[in-house]
1. In a GNM of the chain with a 10 Å cut-off on Cα contacts, which of C231, C183, C257 has the highest mean-square fluctuation?
2. Which residues' amide hydrogens lie under 5 Å from the amide hydrogen of R154, considering only partners 5 or more residues apart or on another chain, with H built in the peptide plane?
3. Using all alpha carbons of region 30-85, what is the percent of pairwise distances in each 10 Å bin, ordered from the shortest bin to the longest?
4. Just going by the charge dipole of region 155-274, with Lys and Arg at +1 and Asp and Glu at -1 on Cβ, which of H271, Y255, V164 is farthest out on the positive end?
5. Under a GNM of the chain (C-alpha, springs under 10 Å), which listed residue has the highest mean-square fluctuation: P114, P42, P125?
6. What is the set of long-range amide H partners of H129 at a cut-off below 5 Å, with H atoms built 1.01 Å from backbone N?
7. Take the chain, connect every pair of alpha-carbon atoms lying under 10 Å apart with a spring to form a Gaussian network, then pick out the residue of G193, G100, G121 with the largest mean-square fluctuation.
8. Provide the descending list of Cα extents for region 148-272 along its principal axes, expressed in whole angstroms.
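The values are calculated or read from the model by the stated rules, or taken from the named source; none is laboratory data. All values derive from a computational prediction rather than experimental measurement. When we count neighbours, we look across all protein chains shown, and the Cβ atoms used for this are built from the backbone with ideal geometry, even at glycine. SASA here: full protein model, heavy atoms, side chains in, ligands and nucleic acids out. Shrake-Rupley method; radii C 1.70, N 1.55, O 1.52, S 1.80 Å.
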Amino acid sequence: MRDVHVDQITKAVSEMCQSAGVTLSDDMLEALQKAHREEESPLGRHALEILLENAEMATGSALPYCQDCGFSVVFAKLGQDCHVIGGSLTEAINEGIRQGYGEGLLRASILKSPIDRENTGDNTPAVIHYEVVPGDRLELAITLKGGGSENMSRQAMLKPADGVEGVKRFVVDTVANAGPNACPPLVPGIGLGGTFDKSTYLAKKAIMRPIGQFNSDPQIAELEKEMLVLCNETGVGPQGLGGTVTCLWTPIEVYPCHVTALPVAVNIQCHANRRREVTL
Ligand code: SF4
């Protein structure tokens, strides 16, 4: 059994929030640079130039990459031989977000209630997905998930007869329907299979994967490649100004499903694809 103190967790979460809120990860920056090289529309290229300039300015000035500093979504993998000491794991994560958003001057966007709509003032609570895994480590991955792109996400319980063609149609329609509202170029995370709720979890999990890291199942990896081509054929383009790069990456996560079902979810991630991860 290995001990991890809650203070370590709070510190790590705070640092990830502050870093992710300002600086895009290398894979995301490289994806935007590649998009800029490959985009065929002059207007689309210009939009990408502005996004790259924005990324550089944010890093240089320590100002947030985007005014919407997002909902903090955390994936916590707790090794079954890892013992969290000194307090509650959930509280430690939320305290890290509280400190990170405060010290990093990141905008607080979370409301106490969807009805009363009063801001909690510190961007807590996070949405936390826990998973117990073998080992004695605690892995934490965080995304600062923008509201505009989240709003354009969708889920469908397709019929088995819709097949993979139905899945492709649904994903492409979702991306096309998102249009400029989701701040493209996008990373639509695709969750395929499971139950209604599991499919949306898989879609969120998909956007946590580094850009360019294909699904380990070769059949799904092929589908990821095809989905990227199809999504880019929508012509939405960077910032919805038209062009050949609407999506940077179309990661898919799958899970077994019921014989009567074909659940599919698309969690749209925007160009402010802010992710960090740490192992304690
Ligand atoms: S959708 Fe993304 S890029 Fe657009 S405002 Fe929200 S966080 Fe920023």
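1. C257
2. Placed amide hydrogens put V266, I268 under 5 Å from R154.
3. 19, 30, 24, 16, 9, 2
4. H271
5. It is P114.
6. Sorted by chain and number, the residues that satisfy this are V74, F75, A76.
7. Highest fluctuation of the listed residues: G121.
8. In descending order, the Cα extents are 41, 25, 22 Å.
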